[in-house]
Each structure stands twice: as structure tokens, then as C-alpha cells.
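Q: Here you go, one structure.
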Amino acid sequence: MISKTFCWITVTGLLMSCPAPVFAQQSSPIEPNSTAAERAAVQRDREATNGQQPATTPPNILLLFADDLGYEALGCYGGEDYKTPRLDRLASQGMRFRRAYTSPVCTPSRMSLYTGTYVSRHGYYNVLPVHLGTKQSVDFKQRCRTFPQLLSQADYLTSVTGKWQLATLEYHPKHCLDAGFQSWCVWQIWRNGAKTTRYWEPCFNHDGVIRNDIADRFGPDVLAEYVVQQMKAAIAAQRPFYIQHNMLLPHWPISQTPDDRKRGQQASLGSMVQYLDQLCGRILDEVDQLGIADQTVVIFMGDNGTDEKQPRSTKAGPVSGGKSNFNDAGTHIPLLVRYPGVVKAGTVADDLVDMTDLFPTICELAGVELTENLQLDGISFASRLHGEPPAVQRAWVSGGYQDKLTLFDGSWRITTGSKNIVDARQLPIERVVQEVPTGSENEVQRLRDAAAKLRQAK
């Protein structure tokens, strides 16, 4: 097994103990308000016990990031409405996280990914109106530190594709570079005073130049080709890569895929999900054929719930709601990780995972040290990938939208501005109650206290 280097960070002092995951040994005891140094000591003791040595070669990291895809869309999560054989296979080759959560819309969610901070800290509660040509932009130079910046400084070749809604590139042409990406092929959402298209006749900005050779192409196909090109370029340069593939699918508008056109079929969400699955398979096949599978961490996840008003069928029951909703369907996302030789194939993790946790996890996998001056809320789950329980168990996950926060501890959900309590002990069924059930007073109060502290954190 490939060994690993641990590094820990200062997080909000709101983490509390919770039961160990169903297949894990008990984590080392640690106080909720412990310092980063104390958490690091726990990790060092564990490494010494196991006789581990730091890894010498950092892995490639490939993030396949779907747009508007909740957990229930995948067959490996019990979904019954859509065909996802390639992603189901990916789950069988690595680890599937049952309880990964984020904000219910894109900008708050993606900002938590890039910065490793809760919405209450990064402050982006709403969608940045790039589709309306705003001159606002996320300040990645001075205010917001990103993990791609750290990876770039650590000799990684970094690149990004697809959706880029954190600045209008017409006014901020180097915004991807500011965020830490050395190369990009992204959808330029606004150009010459109007919103552009992403699927057919796409408007893509490739390293500062608008592509003029793809008018008759399907945008997601072009992006998949770019991902393969970036992998080959990194291999030729003998450098590790971090590629963040911000997939456009299956976001509205519902559009015909190339397969739909060949078969004379109407556009549908189902066919868009199926085509997304095929593109993931195409990229994964290239990883295997390039001979880099054992050196590459592949992560697949969604940015928020599915944008679908009709309930979706799963083996556990119907899933109602979705994108923009402060419920399980709006915030519960798929998270799959494959790392041959490190992550045991076919495993399922029951840990609560927050979108903020990706920042420290990716950095730990890459061997990138995190300094104490980084104000991060995320908790690395890299040890779970290596078959060990995390030193710190996450007590709850958080999301934000329209100036509200929602917290969920695996059983109960509360949302700021509302006295309602959501009983989520029998998901996908959720029941709204206004009084705290007997025996659960402490759990619900813990969430309310944590929400109040998050509101104060900046």
C-alpha cells in the first residue's frame, strides 16, 4: 500500500464526537476544540504505530464534477430512473461515500470547494450573475485562497474545464489563472453583451482565446477531449496533474445529445445523464490506456441536487425536491473515489462529508502542507481512503443559499430563519416537526448553537 503524509489545519471549534462509521475502527479520542498541533500529534502517533513513511511521488488528481446531479441519479446509490453503468463501475473500483453534502446551488457550493470554507465564511450565498454580464468577480488574488493555487506552487500542472461562473471572463480574462489554474477551456458565459450557449455551438475560452473551430460540436465532447490532452501533456512533461473537469451536463437547458440526434430522439434529462456517464467512461478509459491508473486519484461528485421537479425513484423510496431546496434532495451529492492500490475496491464509507473537506483532502493526498494561517473549515478524509478512520469525526455538514444556512447531523436538519426541524432519520423520507422530539433535544440544540456560531464567523 502506498503510504501518506498527514497535515492538519485550524478548523472551526464546532466539531464534536459522533459514532464511528459502520466499518471503521474507533478513532483516537480528541477534544472538540483541539488545536491543529494536537490533531497532528494524533496523526503522527498513528503513523509511527503503523511504521509508515511519507510518499515520495505525488499522485495525479482528476476531479469529474457534474453540474446539478444529486446522489439519487446514480445506480450505485440505488437510483432507478437513469442509466449510469460507467459511474457504477467506478464505484465498484473504489470507495463510495454514502453521506456527502453541500449547498443547494452552484456558486455557494463551488466556493466552498475552492476555498475549503463554509458559506458563512466565504460569503457567497447566492449565484453570481455572470449570465447577466456582471462585473463582479471572486477575488482570488487577495481574499480567497484556493487549493489549485497551492497545487500549482507544488509543481502540479493544473487545468480546469467547463462551467466558470465566478467572474465574467470578458471583464476578467485571467480569472482562471488567478484561481490557480495554469490552463483552461471553459464556457465563456457572457460575450459581446449577451449570454452564450454551452451545448451546441458552444462559446469556449481556451487559455484566453475564443475557440472558432467547434461551432458544429457538442460542448461536453470538446471538454472531454481537452481533459485527455491535458493528461497527455502532463505525462510528456513528467509532472503530476490536477485537472478539474467542471462538466456542463446535465444542467438545464434540456438539450439533445449527439446520441439523441443520431436516434431521432427528443431531448431528456435521462439522456443527458446517460451521456455524462458515457463521457466519464471515455475519460476513465483514457486514464487506463495511458498507463497512469495506479498513479491517479479519480474523484467524481456533483455540485448540488438534481434540477428536477418530479420525484425520482430509488430502491429506498422516492426522492422529492432537488436543486435550490434546503432538504436532502437539494444538498445530498454523489462522491466516488478511485485510487488503485490505496483505496480498497468496492468499499462504502458512512462518514459525513462536507464540500469543504475536499480542499484539505486533496492537499493531503498531494503531499501539500497546509499552514496555520489558512482559515479552513474542511476536515481531510484522506485517512479514510487509506482504510483508516479519521482522527476527527465530522459532527455535521453545512450549506447556504439566499442568506440562510442549513445544518445536518445525519438525523436532524435545521435551517436558519425557520423554527422547523426536519426529521431525516429515515431517508429519503423527511418529516417537518416544530417541536423537538423527546430524547433529541441535545442534538437539535447542538445544531442551532453551531448555526449561531457560524453566523458570527468571518
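Q: Report for the chain the percent antiparallel among DSSP-assigned beta bridges with both residues inside it, nearest 5.
A: The answer is about 55 percent antiparallel.
Q: Sticking with this structure for a sec: Within 10 Å of each residue's Cβ, count the other Cβ atoms and sort Tyr114, Tyr101 from fewest upward.
A: Going from sparsest to densest Cβ surroundings: Tyr114, Tyr101.
Q: Please report the relative contact order for region 263-399, taking Cα pairs under 8 Å with a sequence separation of at least 6, and give it as a percent rounded to a whole number.
A: 18
Q: Kirkwood Rh and Cα-based Rg: tell me the resulting Rg over Rh for the chain, rounded to two decimals.
A: Looking at the chain, the ratio lands at 0.94.
Q: In what sequence do Ser109, Ser103, Ser92 fall when counting other Cβ within 10 Å, fewest first?
A: Placing the least packed residue first, the sequence is Ser92, Ser109, Ser103.
Q: Lys83: which lysines have alpha carbons under 29 Å from its alpha carbon, excluding same-chain residues fewer than 8 sequence positions away?
A: Partners within reach: Lys163, Lys262, Lys309, Lys315, Lys323, Lys344.
Q: Lys419: which lysines have alpha carbons under 16 Å from its alpha carbon, excluding same-chain residues fewer than 8 sequence positions away?
A: Lys404
Q: Return the calculated 222 nm mean residue ellipticity for the chain, to the nearest 500 deg cm²/dmol, obtained by summing -39500 (n - 2.57) across DSSP H runs with n ≥ 4 and dividing by the residue count.
A: When only DSSP H runs of four or more count, the value is -8000 deg cm²/dmol.
Q: Which of the listed residues, Cys203, Asn325, Trp190, is farthest toward the dipole's positive end in the chain, when Lys, Arg count +1 and Asp, Glu count -1 at the beta-carbon?
A: Trp190
Q: Then there is this: Between beta-carbons, use under 12 Å as the cut-off and find the net charge around Thr84, counting Lys and Arg +1, Asp and Glu -1.
A: -2
Q: Let me ask something else about it. Would you mind getting me the FRET efficiency between Asp216 and Thr438? Use the beta-carbon distance for r and R0 = 45 Å, nearest 0.05.
A: The value I calculate is 0.10.
Every number here is computed from the coordinates shown, using simple stated rules; none is lab data. Computed from a predicted structure; not experimentally measured. Heads up, the Cβs are rebuilt from the backbone with ideal geometry, glycines too, and the neighbour counts pull from every protein chain shown.
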